[in-house]
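> Would you mind keeping the following structure in view while I ask a few things?
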Amino acid sequence: MPIKKGEKRKDVSSDKKKWAFPVGIVIVIFALIGVGSVIVLATRGIADITDNSEKFTEYEQFLAPVVMNDPDPFDDVSKAEMTQLLDATIWALMKSDIDPDKYEYAEGDTSGLIVPQKDVEKQFRKLFGEDVKPVHTTVEGGTYTFTYDEANKTYIVPLTGVMPTFIPRVISQDKKGDSIILTVGYISGDGWDQDERGNYIEPAPNKYMKITLRLNDDKSYFISAIQNTEAPETAVMTTQKPVETTAEKTTIPVDTTGEDTSSSTDETQEETSSEAEE
């Protein structure tokens, strides 16, 4: 905020210390589960996506703040629960590469970052397009609350670490016209095991959803539908490599989803038959 003439600048160093640690917790949690510490695509939408499996990671980063709290399915974003859309929007904004000096800090009974309504609206358009306008209201998140201040047109966002309910794992994509339909596995955020070396191992998806992305006027994609679906028959969910967690780095497991293992199986069967004949 600009400083008026004669006004003393507020010491923001103490504010940074108040929320740097909680935000750090959130980032560490996301890093450990392989989502990444910064949701880059959630701050600008997905642009120029092609039918290329190498883009799956980008899809997952874009979907992460939406999938994390498991919103109710909807056939069209206009039918979605508004508080759930706002919840995803604010999380996406908080997980973007924000400047600690950008927002002031509210103290008192309701404390947290003071986020302007216009910033939430901008992020909302990037996630859910132009067809639906946000209806601003307080969002109850169970262990946290995003408090809407109608008088000042702001949200007060508490600084707290939250374990995501689910993490997206894109299994396949199908392009139809200007839309991309993703089959997405929902991986439990707290279902990760550790091997004898302490490395985290990704679990199989708890369920699958179809998520439809449509083009905005600016040629970026937005989420237009989230629908229930059955586990795809062609999805081969092999064991992921463990996530090595050391003091120096976190290694994301190699995604082996969808690899064709039929050839190796046939070769094994042929070798077994030959041995039997001998």
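The values are calculated or read from the model by the stated rules, or taken from the named source; none is laboratory data. As the structure is a computational prediction, the values presented were derived from the model and not from experiment. Cβ atoms come from the backbone with ideal geometry, glycine included; neighbour counts cover every protein chain shown.
> Kindly provide the set of residues from segment 168-178 that are loosely packed, with under 15 Cβ neighbours inside 10 Å and in a strand (DSSP E or B), ordered by number.
D174, K175, K176
> Hey, any hits in segment 38-48 for a residue that's assigned to a loop (DSSP other than H, G, I, E, B), in contact with a helix residue (DSSP H, G or I) (Cβ under 8 Å, 6 or more places away or on another chain) and at pLDDT 95 or above?
No, segment 38-48 has no match at all.
> Just one of (1) in contact with a Lys or Arg (Cβ under 9 Å, 6 or more places away or on another chain); (2) part of a strand (DSSP E or B); (3) closer than 22 Å to F222 by Cβ trips up I187, so point out which.
(3)
> What's the total number of residues in segment 122-167 that are part of a loop (DSSP other than H, G, I, E, B) and among the hydrophobic types (A, V, I, L, M, F, W, C)?
Number satisfying all stated conditions: 6.
> For segment 190-215, give me the residue count where each residue is within 18 Å of L63 (Cα to Cα) and either in contact with a helix residue (DSSP H, G or I) (Cβ under 8 Å, 6 or more places away or on another chain) or in a strand (DSSP E or B) (or both).
9
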